[in-house]
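**Student:** Quick one: the structure is below, questions incoming.
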Amino acid sequence: MSIVLPNGLPALDMLAQEGIDVRGRPGQGVATRPGTLRIALLNLMPVKPVTEAQFARLLGAGPYDVELTLLLPDGYEPKTVPAAYLRRFYRRWSEVRDWTFDGLIVTGAPVETLPFREVLYWNQLTQIFDWSQSHVGNSFHICWAAQAALHYFHEVPKHTLPRKAFGVYRHRVRNWGVPLMRGFGAELAIPVSRHTEVRAADLPRGRGVTVLADSPETGLALLADRPRRAYYMFNHLEYDSDSLAREYRRDLASGKPVGLPANYFPDDDPARTPVNTWRAPARLLFRNWLAELHGASARVAA
């Protein structure tokens with residue numbers, strides 16, 4: 001099926017070359033076909049075109065038509081992307097707060113070592129979390145955003161790791177009874193890149209938060225929150241094959257203490273090309289999520 005993106009977005013040509021049916025439109029907010037899933041991407045990552053393409057690739061590979069709206073918090077002015085780019089392709093949350101969406105994705109952000117309340121856009125982010133409860137069918141929070149939403153909704157703390165969790169790790173599937181995990185085997189590979197963690201011992205009991213996947217080495221990976229109609233993914237299935245390599249070389253160049261990403265470069269040789277072992281699980285996970293959104297949308301329409 002197709003994914004509709006803002007007209008002129010760099011991801012359009014890139015994904016078209018990969019065989020994904022992508023379409024551009026000058027405006028946003030109106031579904032192009034009956035049954036199109038409307039999904040908002042609140043993109044807090046610094047290199048926004050890369051993140052746009054990563055999520056559009058997964059959403060566009062699914063079995064449903066999707067229209068993707070790119071969002072930013074009001075007053076959030078990233079220095080890593082030209083202002084003209086943001087004005088052309090992004091909506092501010094205040095512009096869409098009266099809209100409804102089938103799904104919302106909130107990305108990670110390079111602020112994970114800060115206390116939540118010290119993040120400049122924390123107050124508006126919490127308003128967006130509240131808004132999602134009445135205007136969004138289901139939300140998917142990634143990495144720092146997963147920690148932030150879990151903290152806001154359930155007062156779950158994050159903990160600083162003694163060293164960065166970095167690499168591709170095997171994760172155990174803990175719950176096949178949730179539609180999101182339909183079709184998975186016992187394990188899946190997931191890229192991990194974070195300095196903090198959420199611990200199972202801190203999760204609320206009796207409040208509908210369920211562990212879907214975890215790792216013996218890097219802990220919790222994926223949670224479901226049925227009452228909040230939300231998922232929390234602390235790692236990065238959306239990553240490209242070279243994402244960890246780019247992070248590794250960036251940190252080396254800036255003089256940060258960084259080890260080789262575990263289980264990533266063949267024979268731990270950074271001169272060799274990594275093998276993407278997580279693309280199939282990523283597609284299955286987002287395919288299942290889209291099916292869940294579609295099912296909820298169909299029930300509402302009926």
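We did not get these values from a lab; they are worked out from the coordinates using the rules stated. Everything numeric here is computed off the predicted structure, so don't read it as measured data. When we count neighbours, we look across all protein chains shown, and the Cβ atoms used for this are built from the backbone with ideal geometry, even at glycine.
**Student:** Sorted from largest down, give the three principal axis spans of the alpha carbons of segment 113-156, whole angstrom values.
**Tutor:** Its Cα atoms span 30, 18, 16 Å along the three principal axes.
**Student:** Can you check what the net charge comes to around LEU41, using other residues whose Cβ is under 14 Å from the Cβ of LEU41 (Lys, Arg +1; Asp, Glu -1)? Show your work: numbers first, answer last.
**Tutor:** Numbers: positive: ARG38, LYS48, ARG57, ARG91, ARG92; negative: GLU52, GLU67, ASP102, GLU238.
Surrounding charge for LEU41 is +1.
**Student:** Now, a different point. Run the helix sum for the chain: -39,500 (n - 2.57) per DSSP H stretch of 4+ residues, divided by residue count, reported at 222 nm to the nearest 500 deg cm²/dmol. Kindly include the intermediate steps, with their values, before the conclusion.
**Tutor:** Details: 8 runs with 91 residues, N = 302.
Helix-only estimate at 222 nm: -9000 deg cm²/dmol.
**Student:** Please identify every one of the trypsin sites (Lys or Arg not before Pro) in segment 1-88 that sits in a loop by DSSP and has no more than 13 other beta carbons within 10 Å of its own beta carbon.
**Tutor:** Numbers: sites: ARG23, ARG38, ARG57, LYS79, ARG87, ARG88; in loops: LYS79.
Filter output for segment 1-88: LYS79.
**Student:** Could you give the longest part of the chain that holds none of the GluC sites (Glu not before Pro) found in DSSP loops with at most 13 neighbouring Cβ atoms within 10 Å?
**Tutor:** On the way: sites that count: GLU18, GLU155, GLU217.
Looking at the chain, 19-154 is the longest stretch - no exposed GluC sites (Glu not before Pro) with at most 13 other Cβ atoms within 10 Å.
**Student:** So which residue, out of TRP131, TRP93, TRP144, gets the largest mean-square fluctuation from a GNM of the chain using Cα contacts under 10 Å as springs?
**Tutor:** Of the options given, TRP131 has the highest mean-square fluctuation.
**Student:** Quick one: P(r) of the chain from all Cα-Cα pairs, 20 Å bins, percents rounded to integers, in order of increasing distance.
**Tutor:** With 20 Å bins starting at 0, P(r) equals 34, 62, 5.
**Student:** Still on this model: As a test, work out the antiparallel percent of DSSP beta bridges whose residues both lie in segment 128-242, rounded to the nearest 5. Could the numbers behind the result be given before it?
**Tutor:** Numbers: 22 of 26 bridges.
Approximately 85 percent, going by the DSSP bridge assignments.
**Student:** Still on this structure, I have one more. Taking the alpha-carbon set of segment 231-293, what are its Rg and Dmax in Å?
**Tutor:** Using the Cα atoms of segment 231-293, the pair Rg, Dmax is 14.4, 44 Å.
**Student:** What is the projected area of the convex hull of the Cα atoms of segment 180-302, averaged over all directions, in nm²? Walk me through the intermediate numbers first.
**Tutor:** On the way: hull surface 39.5 nm².
So the mean shadow area of the Cα hull is 9.9 nm².
**Student:** Return an integer: the convex hull volume of the alpha-carbon atoms of segment 145-193, in Å³ per residue.
**Tutor:** Numbers: hull volume 5.6 nm³, N = 49.
For segment 145-193, the hull spanned by Cα atoms encloses 114 Å³ per residue.
**Student:** Taking only the alpha-carbon positions of segment 38-143 and ignoring solvent, what does the Debye formula give for the base-10 log of I(q)/I(0) at q = 0.11, 0.14 Å⁻¹?
**Tutor:** Result of the Debye calculation: -0.32, -0.53.
**Student:** Could you pull out every residue, at least 5 positions away or on a different chain, whose amide H is within less than 5 Å of the one on ALA230? Hs are placed 1.01 Å off N in the peptide plane, and Pro or chain starts have none.
**Tutor:** Amide H to amide H, under 5 Å and 5 or more residues apart or across chains, ALA230 pairs with SER139, ASP225.
**Student:** How charged is the neighbourhood of ARG172? Take every other residue with its Cβ under 15 Å from the Cβ of ARG172, and add Lys/Arg as +1 and Asp/Glu as -1.
**Tutor:** -1
**Student:** Same structure again: One-quarter of the Cα convex hull surface for segment 183-228, in nm²?
**Tutor:** Details: hull surface 17.3 nm².
If I average the Cα hull's projected area over directions, I get 4.3 nm².
**Student:** Moving to a separate point now. If you restrict to DSSP beta bridges whose two residues both lie in the chain, what percentage is antiparallel, to the nearest 5? Working shown, then result.
**Tutor:** On the way: 22 of 51 bridges.
Here the antiparallel bridges make up roughly 45 percent for the chain.
**Student:** Continuing with the same structure: With only Lys, Arg, Asp and Glu charged, each at its Cβ (+1 for the first two, -1 for the last two), find how big the charge dipole of the chain is about the Cα centre; round to the nearest 20 debye. Display every interim value, and only then the final one.
**Tutor:** Working: 36 positive and 30 negative charges, 69 e Å.
The dipole magnitude comes to about 340 debye.
**Student:** If you take every residue apart from ILE20 with its C-beta less than 15 Å away from the C-beta of ILE20, what net charge results, scoring Lys and Arg +1 and Asp and Glu -1?
**Tutor:** Neighbour charge sum, excluding ILE20 itself: -3.
**Student:** How would ARG163, ARG97 line up from fewest to most surrounding beta-carbon atoms within 10 angstrom? Don't skip to the end; give the middle numbers.
**Tutor:** On the way: ARG163 9, ARG97 12.
So the ranking, lowest neighbour count to highest, is ARG163, ARG97.
**Student:** By counting other Cβ atoms within 10 Å of each Cβ, how are THR80, THR277 ranked from fewest to most? Spell out each step's value before the answer.
**Tutor:** Values: THR80 9, THR277 16.
Neighbour counts put them in this order, fewest first: THR80, THR277.
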